Structure formats: C-alpha cells, structure tokens
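Have a look at the structure that comes next, please.
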Amino acid sequence: MTQTDGIWKDIVAAERPTLIDLFKAEPDRLSNFVFEEAGLRFDFAKTHLTKPLIAKFAEILKAGGFDAARDALFSGAVVNPTEGRAAEHTAERGQGAPESVDRAKAYHARMRALIDAIEADAMGPIRHVLHIGIGGSALGPKLLVDALGRESDRYDVEIVSNVDGAALEQALKRFDPAATLIAIASKTFTTSETMLNARSALAWMAEGGVEDPYGQVIALTAAPEKAIEFGVDETRILPFAESVGGRYSLWSSIGFPAAIALGWDAFEELLEGAGAMDRHFRYAAPEENIPVLAAFIDYYYAIVRGAQTRAIFAYDERLALLPFYLQQLEMESNGKRVTVEGDPVPISAPITWGGVGTDAQHAVFQLLHQGTHLVPVEFIAAIEPGHVLDEGHHKALLTNCFAQGAALMAGKASDDPARSYPGDRPSSTILMDELTPARLGALIAFYEHRVFAGAKLIGINPFDQFGVELGKEIAKSIESGGATEFDPSTKALIERAFG
Ligand code: F6P
C-alpha cells in the first residue's frame, strides 16, 4: 500500500455529517468555505468539505509532488510527458516563463495588427466572420462570442464545427461571400472535419463570385507550414505556440473571432482576468487555493461517495454554452483510466453535464432532488442582468438559483414517499457582480486549474488525448473502402449506407 492509499482510506473512513449538521457544528462555516478571487465569489459551504478533509487531500497532493508540478506548469517545463510537451496556456495571459510570455505577446500583437487591417478594410468590406474549427478550436471561441458578444454589432460571427454539411449550409445562408472572412482554426491544420468545411466554404465563395477566395482567408494555427501548403497567404496566418493545448487555446489566436467581435480591449480584459486567477492558483497554498479546493470536492464525491457525474447550471442565458465548453476541458483532460506510470486510477473525471436555469429546473431537476444518483451541482450567476427588461426577470432568475441550492441541501420530510425529498445534496455557487470579459476569463482559468489539480490528485496526465485517435483511424479506413475488415454489425451499416 502506498502512502497516498493510506490517506485515501482515512478520507473514505472519515465521519460523514450531513450538510445541515456541518452548518450547525461550524458557526464560521461561511468564512471557512466562501472565497473571493478575481471578482468571483465561490461558495463551497453547501458541500461536505471539512477542514480535516482538506488537510488529508492536501497531504495527497503533497505526496504526489504538487508544488513541483505546479511550478513546472508555470515555468514551461514538460508537464505532458506522453507527448514530451509543456502546457503554456498561462503564458498567453502573461503568467509563465519570460520567453514564452514574450512569444505569446508577439503573437497577440500580430493578431491585433491583422484585426486592425481587417477593420480598415484591407481584406475588402468584411462584415461576416466564418470561423471554421472543431473541439478546442471552436468551443472556446463559441462560448466567448455567445457570452460576451450579444450586444456587439461589430462583426457577424458564425462558428462552424460539425462535418455535417447542414451546419455549414445553415451558416452560409446568412452570409454574403464578398463580405465574408473565413478563419480556418486548427492547431494541427490536419483535422479532417475542419479541412473539409474549409474547402466547401472556399468553393461557396468562388461560386458566389469572389475572384480570389484565398484573399479572404486567414489561418489560426500552431502549424503555419501546413496552412501555407493549404494555400493561406503567410501574412494572414496567426500562429500560436505548439505548447498551447487545443482545449486550452482560446487565449491564443484561436480566440480571433472573440477578439474581432468584441474588440481588442475586451480580449485583453479576458486575458487579464484569467491572469488574476493564474496568480492565485500559482501562489496560494492548497488549503486556500480555490481551484484546488474545487478539485478536492470533485474527487471527494467521485471516489468517496460514488458520484459518476457533476452538473453545472448557469443561471445566465449568456453562459448557456459553458457546460459544452467544460465537457471538453474536463473530460478530454481527465477522462483517463491510467496514471502517468500506467497504473489504474480509481475513477476517471466525473462526467460533466448541465444546462441553464431556469430551463433545467423544468427538465432535469426532478432527478437531482429525488433520483437515486448523487450529482454534485454547481450554480453560476451574475448579480447584474444581461438585459434591460424589467428587473423582475433577473430577480426571479436569481431567486430560483438560490432556492435550488437550498432545497437540495434541506430536503423535506413527508409521510408520502413520492413527496419527500432526502436532502443533503451538495451544491457550490459561483457568483459575480457582472459578467464581464475579465470575470469570464477568471472563471475559465479557474476551471483549467481545477482540472490540473484534479489530475495531480489521482496522478494522471491531463494534457494528452489519445482516446480520440482510434475512432479517427477507423473512420479513415471506412472512408477508404476497406469494409471487409470490420465486425458484422459495422460492415452491415457501411453496406446499407454506401452500398
Ligand atoms: O480530436 C480531438 C482534438 O485533437 C482536440 O483535442 C482538439 O481540440 C480538436 O481535435 C481539434 O484539433 P485541431 O485544432 O488540431 O484541429
């Protein structure tokens, strides 16, 4: 048995007071479990986290060399051993090895200059931006534009990811080819869906009478040579560092649609907000480190209480895409079954799911309140509304948000089993005054660091994603017509669809 196995045993064996009992026993529970950082208020009081549990989890991190791993993350050392790479997304926010920060700044300056040129009509009278990318090359920009760009009338942005032509066709319907900029976003510039969509978009431009479609194309990539091969002019390539992972790349040139739709100042505020969270994560002791504490909560419920999932409900329409963004960040990073040494892990990252309040209350909350599954819930809300309608809307929204957390915890006894609520169900609440670029930057950085801390807790590498490769290989071989190599079910499907 290793040292950490012993600590995990202690955690599992620890007493399990109810949330109500925790509040009763700890008059200062709020001051112990509510934290403020970078304009965000994190309320972990309605979880089963206790000071002794925190101390145990911190011991596990310490035994696993957390301090050194965190230093390695910020110093640009290799933290992704299976691919022999650093993970330098924090350098994009000015927090990292000086040479990496300088490189990121130079790339940002290049992006800004290109945006200035586009605004000055150097690429023609551009009004629409068609961003083509998938996974990390789409989910982040999509979240940013949807969350912060609703009021913006600067550019009309569409982000197309799916290889299903229905997605691209729908986007193109609204656009005028002569006034459209195509931004091809791909870290590797090899992703088949993105390349196919890019080619179809270029064909649409040519058919729409644009004489030089490539003159209206830019590339956002860590593989500039591949973009040049594809036909993109070198001057219109916005590079970013190979050491910035795809699902951590919205801070780099992959964030181009957000920067152009929101304006450069807003993009910089986003980076600064993330930088503030970086500094907290980098220097705070694990016991007071908000992303680390959130990771403790995640793995407490996953390992000790058997929670298979965790749910995020933004009580803010502007954050409707947050659960989708977090699905990739959390599950592609920590959805692993072996440690860095190749040993089995007790459980992969909990499955991330969620929705928006109040819609979700009328759809999935039944199970949260009375189902047999334990689902730790996270609520996110802003005190200021994102609209100018009657204030009753926002009051109702926040009231509902707070009521759900209270109900999950308190429960309600009844003689009628169908009408009784067990209660003692955990939730966390992240509250901000206003949803601004800086707050959103800090929020996303919080999730990134929580993923890192969770990975260190169970000893995995959060920065590779080999799990996605096998399906890609098989798709390629189906496409190339080798149907005989497949199992009977797959073969029959192929034959039925393609003859
Ligand atoms: O297949 C998974 C993945 O590699 C993600 O990690 C990545 O965000 C996405 O594909 C897109 O990759 P790229 O930016 O290289 O096109």
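The values are calculated or read from the model by the stated rules, or taken from the named source; none is laboratory data. All figures in this text were calculated on a predicted structure; none of them were measured in a lab. Note: ideal-geometry Cβ built from the backbone for every residue, glycine included; neighbour counts use all protein chains shown.
I'd like the full set of residues that are away from the ligand (no atom under 15 Å from the Cβ), in contact with a helix residue (DSSP H, G or I) (Cβ under 7 Å, 6 or more places away or on another chain) and closer than 16 Å to Thr194 by Cβ, limited to segment 146-164.
Hit for segment 146-164 is Glu158, nothing else.
Here's a check for you: in segment 205-260, which residue that is among the polar types (S, T, N, Q) and within 16 Å of the ligand (Cβ to nearest atom) is farthest from Arg154 (Cα to Cα)?
Checking each candidate, the answer is Ser243.
Pairs needed: first member in segment 119-143, without any contact (Cβ under 8 Å) to a residue 60 or more places away in the chain; second member anywhere, among the polar types (S, T, N, Q) and within 11 Å of the ligand (Cβ to nearest atom); C-beta distance under 6 Å; at least 6 residues apart or different chains.
Ala138/Ser161
Quick one: Val451 ticks every box in (1) surrounded by fewer than 21 Cβ atoms within 10 Å (Cβ to Cβ); (2) within 16 Å of the ligand (Cβ to nearest atom) bar one, so which box is it?
Evaluating Val451 over (1) surrounded by fewer than 21 Cβ atoms within 10 Å (Cβ to Cβ); (2) within 16 Å of the ligand (Cβ to nearest atom) leaves (1) as the failure.
Tell me the residue from Leu143, Leu168 that is of a type outside the set (Val, Ile, Thr), closer than 24 Å to His387 by Cα, within 16 Å of the ligand (Cβ to nearest atom) and crowded, with 21+ Cβ neighbours inside 10 Å, please.
None of the other options fit; the residue is Leu143.
From the set of residues in segment 260-275 that are small (Gly, Ala, Ser) and within 18 Å of the chain's Cα centre (by Cα), which is surrounded by the fewest Cβ atoms within 10 Å (Cβ to Cβ)?
Applying the filter and picking the extreme gives Gly275.
Whether any residue in segment 461-480 is surrounded by 23 or more Cβ atoms within 10 Å (Cβ to Cβ) and touching a helix residue (DSSP H, G or I) at 6+ places or on another chain (Cβ under 9 Å) is what I want to check.
The answer is yes; a qualifying residue exists.
Given the criterion without any contact (Cβ under 8 Å) to a residue 40 or more places away in the chain and part of a loop (DSSP other than H, G, I, E, B), identify the matching residue among His393, His387.
His387
Moving on. Are any residues in segment 175-196 within 11 Å of the ligand (Cβ to nearest atom) and touching a residue at least 60 places away in the same chain (Cβ under 8 Å), and if so, which ones?
Ala185, Lys187, Ser192, Thr194 - these are the residues of segment 175-196 that are within 11 Å of the ligand (Cβ to nearest atom) and touching a residue at least 60 places away in the same chain (Cβ under 8 Å).
Looking at segment 481-499, which of its residues are loosely packed, with under 10 Cβ neighbours inside 10 Å, touching a helix residue (DSSP H, G or I) at 6+ places or on another chain (Cβ under 9 Å) and not in a helix (DSSP H, G or I)?
Gly481
Go through (1) buried (at least 18 other Cβ atoms within 10 Å of the Cβ); (2) at pLDDT 95 or above and name the single condition Trp8 misses.
(2)
From Ala314, Ala349, Ala295, Ala320, which residue is within 16 Å of the ligand (Cβ to nearest atom), of a type in the set (A, V, I, L, M), farther than 24 Å from Thr221 by Cβ and within 18 Å of the chain's Cα centre (by Cα)?
Within the list Ala314, Ala349, Ala295, Ala320, the selection yields Ala349.
Of all residues being basic (Lys, Arg) and assigned to a helix (DSSP H, G or I) in segment 108-139, which is nearest to the ligand (Cβ to nearest atom)? Just the residue, please.
Per the criteria, the residue is Arg110.
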